[in-house]
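In what follows, a structure is listed as structure tokens, so that the remarks can point back to it.
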Amino acid sequence: MKEEALEQFYQESLEERLIQNIAKELHLSLEEAMDCYYKSRLAGMIQEGKEGVQYLDYRALTALFMEMEKA
């Protein structure tokens, strides 16, 4: 598997776990959590690979998401 394809697979898996955890922590449906996540600054950071956030654990990213979105 090429490096780019592997990176894409990892990112999709990370986002899936992250969205599920956001839904759980904020008591949202998966659809609501997905909507919140994809509109967030964090989603853009993960997509762009900024500051290496895409390599953090989904639980740490959930905490970061909640911190970033409360402002």
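The values are calculated or read from the model by the stated rules, or taken from the named source; none is laboratory data. All values derive from a computational prediction rather than experimental measurement. Here Cβ is always computed from backbone atoms with ideal geometry, including for glycine, and neighbour counts include all displayed protein chains. Ligands, DNA and RNA are excluded from the accessible area calculation, which covers all protein heavy atoms including side chains. Shrake-Rupley method; radii C 1.70, N 1.55, O 1.52, S 1.80 Å.
Taking first residues from the range 1-19 that are under 20 Å from residue 33 (Cα atoms) and partners that are open to solvent by 80 Å² or more (accessible area, probe 1.4 Å), the Cβ contacts under 7 Å between residues at least 6 apart in sequence or on separate chains come to 19/30; 19/34. If the condition is being free of Cβ contacts under 8 Å to residues at least 12 places away in the same chain and aliphatic (A, V, I, L, M), then the range 44-66 contributes 45, 53, 56, 60, 63.
Filtering the range 31-59 to residues that are on the phi > 0 side of the Ramachandran plot and open to solvent by less than 90 Å² (accessible area, probe 1.4 Å) leaves 49, 52.
The residues in the range 8-30 that are touching a helix residue (DSSP H, G or I) at 6+ places or on another chain (Cβ under 9 Å), loosely packed, with under 13 Cβ neighbours inside 10 Å and over 14 Å from residue 61 (Cα atoms) can be counted, and the count is 2.
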